[in-house]
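Notes follow once the structure below has been shown.
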Amino acid sequence: MSTSSQGSSTNRNANRNSLKPSSNVKSKPIQRRTTTASAVKDHTTVPGRVRVAVRLRPRNAEELVADADFADCVELQPELKRLKLRKNNWDGETYEFDEVLTEFASQKRVYEVVARPVVESVLDGYNGTIMAYGQTGTGKTYTLGRLGEEDTAARGIMVRAMEDIFADVSLESDSVSVSYLQLYMETIQDLLDPSNDNIAIVEDPKTNDVSLPGATLVEIRDQQSFVELLRLGEAHRFAANTKLNTESSRSHAILMVHVKRSVKGRDASHSSENGNHPHMVKSLKPPIVRKAKLVVVDLAGSERIDKSGSEGHMLEEAKSINLSLSALGKCINSLAENSAHVPFRDSKLTRLLRDSFGGTARTSLIITIGPSPRHRGETASTIMFGQRAMKVENMIKLKEEFDYKSLSRRLDIELDKLIMEHERQQKAFEDEIERLATEAQHRISEAERNYVESLEKERSKYQKDYMESIKKLEEKFVMNQRKNEDPHMKSNTEIPSITAEEMADLKKMLQKETLLRKAAEGETNNLKIQVAELKQSEASAKIEISKLYKILEEESHQKEKLEGEIAILQSQLLQLGLEADETRRHLDRGGFSKEVGGRDSLTSQIKHQQQVSGNGEKPSIAKLFEQVGLQKILSLLESEDADVRIHAVKVVANLAAEETNQGKIVEAGGLTSLLMLLKTTQDETIHRVAAGAIANLAMNETNQELIMAQGGISLLSMTAANAEDPQTLRMVAGAIANLCGNDKLQTELRGEGGIKALLGMVRCRHPDVHAQVARGIANFAKCESRASSQGMKSGRSFLIEDGALPWIVQNANNEASSIRRHIELALCHLAQHEANARDMISGGALWELVRISRDCSREDIKTLAHRTLASSPSFQAEMRRLRLSH
């Protein structure tokens, strides 16, 4: 069959096993991927079986010589997707796989049929896993991690997958980040930072998602950077020379590629419910992002010690590899058989691959085999592993969420723009008012000046005319006197006529002066009217200015209103995140920080804030913390109003759930206030919430010493003695259990009745209370064991002296795993010291230790019990007497 026909067959098979019932993964190019607008609401999980391909390695140089006279132990039928495993020359067994790749299959073809569908799913928003499994030396690392620097055709799945990812993502709106790890001797080490050699696994109790927050996460933006990271990681990976492989990987390599993509044209609308805010944003459209993870796992090869020749440290490495692969096989078997219990926690490898098998990821497995008949047993084991893996069904889930952080940033930017625009308009408005006021003042000053000048001119003119008239009259009067004194004057009969004419002229002049004066007065009145009009205009201008100032105040009020509206929007975003956190807290029954106060506390705080503000805002506890201040919240713990105290202690408990707040609470006297509440109040609710807050604070070693110094163990013991509510007892038991884990406080804790308080709480039959009691006993036994081994303690255990052994033996095989696991650990720690052996034998603890060493589901506890029994002379003598073996 030609390569093209094989590819077509592969496409058809991929279509039949597609994760998305209505889409053809292979026929759809990556660049043309589209998504409907309803996908956010309708992304329900869909089944997707683990796809398994088998790849045959060609014979190597050693096999060409040693097996020259023997046929291959396998016969491939790629066109039928079958493989025949020969038992002898005439008999064999046939197995079917999703793909059968011969020794001549190219790296490109392997990528196309094994990895490309998974990579496309990751780009569509689904988690994906590609894993290689097989005997050491069969080509797993070649298939996955080959860089292909000398020959590009030899590029492995890791390099080719990243090429397809970079070809499809947009570096402007999308991001690609990489972590590269190895699981070596049951420790997770960072290949990009060798000093980071013990990374913890964190599991989400709600979703069971596994994360590694301590691992180096590098954002890459081009293919060359990725290749450099792979080269750096490979340089730090453990490898050794064995008889089966000159470069045998001694660790499991795990490449994690995190792809975050923005979904275009698909925004969910959130309409405003408040119609009284005309400037309220009518519709919030948070961007939608898809966060998918591609996991590529290069498992270390399984090996038989007699064939590989491993010895010394290499032997320990081989044992660790085989144990982790055995744990993986057990999980695959349980999933294939639909067992109720899948032992994922037996190994860190299975914990890391929890999402890949039976989880929400699309998984593609390639098993690699060799042709040599000398390794037929290993080949058969690998084939059976692949057959069982094909029966595992995953429920593929779209990883899509709203990007509220981006929306919040966008709102902040819009708010800054609105504030800047408002300030700009306000400044322009103030400048215009100032210009109008200046112009009006200039006009008034000019009018007053013109009035004064005109008045002065008229006065000068009228005064001048008046003086001239007076002068003329005086001259005429003088002339008349002279005429009267002249003897040659005419007769007296003529004088009256001359005098009458003069008088007439005088009257005319006086009338003229009177008219001129009236005209001057009229002009003066007109000027006065103009001045009055100017003053009236000035008053109008002042009124206009006051109106403008009023408009400015209204604009300022509108600004404050708009800022309030945006604050409401931001608080709604905070509330969404807070509600998600609260849901997670309720689902996690084992964590104190996630249950104290609960939704009732949050609701009461929000209602209280609504009553204060009256605007329907729902701030989070963190926002309330910022607005009110820690000191004011703590002061409410001493309020005479019982309801106020209850609300306040719930707020403090929620704040204590965050590690960043714990130091502030202790420094502000919050720990002292909480202990005082246990002492002074009789309210069961306050006791429960305060004990939970103290339990959170007791997770810090410094705080543990402060609690003990302030008589905290006595107050907790008193609270436990008086409490009846199982939840209160659980909180108190959890706080004491945390204190039991401090090596420095063992004697003091026992002296103040801590152990007896724990044992007293078993009167409550609630399993959660018993789980916390068991945890405290296990913590105390562990610290006591450590002190005894260091020579800091001698004699019997305080637990045995205080009568804890009967309860421990009674619950060693409890049905609840959370109780049983802690009790088993406590028994193992107690049994490590010979001083406790006689009491444990007489109390029946030996039988439980034997059972744990045989039947415990936890491999580490089982090994510890076995080692403890083997190292104790007293236990060994008693077991010989009873003819017991472990």
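Which of the residues spanning region 197-229 are touching a Gly at 6+ places or on another chain (Cβ under 8 Å) and at pLDDT below 90? Outline the logic, then answer.
Within region 197-229, the first condition is being touching a Gly at 6+ places or on another chain (Cβ under 8 Å), and the residues that meet it are 199-200, 205, 208.
Residues satisfying the conditions are Pro205, Asn208.
Looking at the structure I just gave you, is Ala781 surrounded by fewer than 21 Cβ atoms within 10 Å (Cβ to Cβ), aliphatic (A, V, I, L, M) and at negative phi? If you could, list the steps in order and put the result at the bottom.
Numbers: surrounded by fewer than 21 Cβ atoms within 10 Å (Cβ to Cβ): no; aliphatic (A, V, I, L, M): yes; at negative phi: yes.
In short, no.
So Ser177 clears everything in (1) outside any loop (DSSP other than H, G, I, E, B); (2) over 19 Å from the mean Cα position of the chain (by Cα); (3) not charged (D, E, K, R) except one condition, right? Which one?
(2)
Scan region 551-574 and tell me whether some residue there is at pLDDT 80 or above and either of a type in the set (A, V, I, L, M) or not in a helix (DSSP H, G or I) (or both).
Yes: region 551-574 contains one or more residues that are at pLDDT 80 or above and either of a type in the set (A, V, I, L, M) or not in a helix (DSSP H, G or I) (or both).
Only residues in region 471-482 that are more than 21 Å from Glu513 (Cα to Cα) count as the first member; pair them with residues that are modelled with pLDDT under 80 and not basic (Lys, Arg), Cβ under 7 angstrom, at least 6 apart or cross-chain, and list the lot.
Asn480/Glu502
Please state which of the following conditions Gln876 fails to meet, knowing it meets all the rest: (1) farther than 29 Å from Ser324 by Cα; (2) polar (S, T, N, Q); (3) open to solvent by 70 Å² or more (accessible area, probe 1.4 Å).
(3)
So if I check each of Leu365, Leu349, which one is in contact with a Ser or Thr (Cβ under 9 Å, 6 or more places away or on another chain), in contact (Cβ under 8 Å) with a residue 60 or more places away in the chain and in a strand (DSSP E or B)?
Details: Leu349 fails: in a strand (DSSP E or B).
The match here is Leu365.
Find the helices (runs of 4 or more DSSP H) located wholly in region 55-150 whose residues include 2 or more that are at pLDDT 90 or above and either buried (at least 24 other Cβ atoms within 10 Å of the Cβ) or under 34 Å from the mean Cα position of the chain (by Cα) (or both), and list them.
On the way: elements: 61-66, 107-110, 116-123, 140-145.
So the answer is 116-123, 140-145.
Go through region 737-759 residue by residue and tally those that are of a type in the set (Gly, Ala, Ser), surrounded by fewer than 24 Cβ atoms within 10 Å (Cβ to Cβ), touching a helix residue (DSSP H, G or I) at 6+ places or on another chain (Cβ under 6 Å) and in a helix (DSSP H, G or I). Lay out the reasoning, then the answer.
Restricting attention to region 737-759, the residues satisfying the condition of being of a type in the set (Gly, Ala, Ser) are 737, 741, 751, 753-754, 757.
Applying the additional criterion that residues be surrounded by fewer than 24 Cβ atoms within 10 Å (Cβ to Cβ) yields 741, 751, 753, 757.
Still in the running and touching a helix residue (DSSP H, G or I) at 6+ places or on another chain (Cβ under 6 Å): 741, 753, 757.
So of that shortlist, the ones also in a helix (DSSP H, G or I) come out as 757.
Residues meeting the conditions: 1.
Of the residues that make up region 833-846, is at least one touching a Gly at 6+ places or on another chain (Cβ under 6 Å), open to solvent by 10 Å² or more (accessible area, probe 1.4 Å) and not β-branched (Val, Ile, Thr)?
Looking only at region 833-846, we keep the residues that are touching a Gly at 6+ places or on another chain (Cβ under 6 Å), and these are 835.
From what's left, open to solvent by 10 Å² or more (accessible area, probe 1.4 Å): 835.
With the extra rule that they be not β-branched (Val, Ile, Thr), the set shrinks to 835.
So far as region 833-846 goes, yes, one or more of its residues are touching a Gly at 6+ places or on another chain (Cβ under 6 Å), open to solvent by 10 Å² or more (accessible area, probe 1.4 Å) and not β-branched (Val, Ile, Thr).
I'd like the residue in region 381-418 that is open to solvent by less than 70 Å² (accessible area, probe 1.4 Å) and assigned to a loop (DSSP other than H, G, I, E, B) and, out of all such residues, is modelled with the lowest pLDDT.
Among those that are open to solvent by less than 70 Å² (accessible area, probe 1.4 Å) and assigned to a loop (DSSP other than H, G, I, E, B), it is Asp403.
Condition first: touching a residue at least 60 places away in the same chain (Cβ under 8 Å), open to solvent by less than 30 Å² (accessible area, probe 1.4 Å) and either assigned to a loop (DSSP other than H, G, I, E, B) or closer than 13 Å to Phe226 by Cβ (or both). Now tell me which residues in region 180-200 satisfy that.
Matches in region 180-200: Tyr180, Leu191.
Within the set of pairs 6+ apart or on separate chains, which have a first residue in region 505-521 that is more than 15 Å from Lys476 (Cα to Cα) and in a helix (DSSP H, G or I), a second that is open to solvent by 100 Å² or more (accessible area, probe 1.4 Å) and not basic (Lys, Arg), and C-beta atoms under 8 Å apart?
Glu513/Tyr466
Test of understanding: among Glu378, Glu448, Glu432, which residue is under 30 Å from Gly329 (Cα atoms) and either open to solvent by less than 70 Å² (accessible area, probe 1.4 Å) or assigned to a helix (DSSP H, G or I) (or both)? Write out each step before concluding.
Working: Glu448 fails: under 30 Å from Gly329 (Cα atoms); Glu432 fails: under 30 Å from Gly329 (Cα atoms).
Step by step, each of Glu378, Glu448, Glu432 is checked, and only Glu378 is under 30 Å from Gly329 (Cα atoms) and either open to solvent by less than 70 Å² (accessible area, probe 1.4 Å) or assigned to a helix (DSSP H, G or I) (or both).
Could you list, ordered by first residue, the pairs with Cβ atoms under 9 Å in which the first is in region 635-660 and within 15 Å of Met699 (Cβ to Cβ) and aliphatic (A, V, I, L, M) and the second is open to solvent by 80 Å² or more (accessible area, probe 1.4 Å) and modelled with pLDDT of 80 or more, at least 6 apart or interchain?
Leu655/Lys664
Does any residue of region 810-825 turn out to be part of a helix (DSSP H, G or I), open to solvent by 20 Å² or more (accessible area, probe 1.4 Å) and more than 19 Å from Gly741 (Cα to Cα)? Step through it out loud before you land on a result.
Residues of region 810-825 that are part of a helix (DSSP H, G or I), as a first pass: 810, 817-825.
Those left that are additionally open to solvent by 20 Å² or more (accessible area, probe 1.4 Å): 810, 817-818, 820-822, 825.
So of that shortlist, the ones also more than 19 Å from Gly741 (Cα to Cα) come out as 810, 817.
Looking for residues that are part of a helix (DSSP H, G or I), open to solvent by 20 Å² or more (accessible area, probe 1.4 Å) and more than 19 Å from Gly741 (Cα to Cα), one finds at least one in region 810-825, hence yes.
The values are calculated or read from the model by the stated rules, or taken from the named source; none is laboratory data. Given the structure is predicted, the values throughout are model-derived calculations rather than measurements. Glycine also receives a Cβ, built like all others from the backbone with ideal geometry; neighbour counts cover every protein chain displayed. Accessible surface is based on the protein model in full, side chains and every heavy atom, while ligands, DNA and RNA are left aside. Shrake-Rupley method; radii C 1.70, N 1.55, O 1.52, S 1.80 Å.
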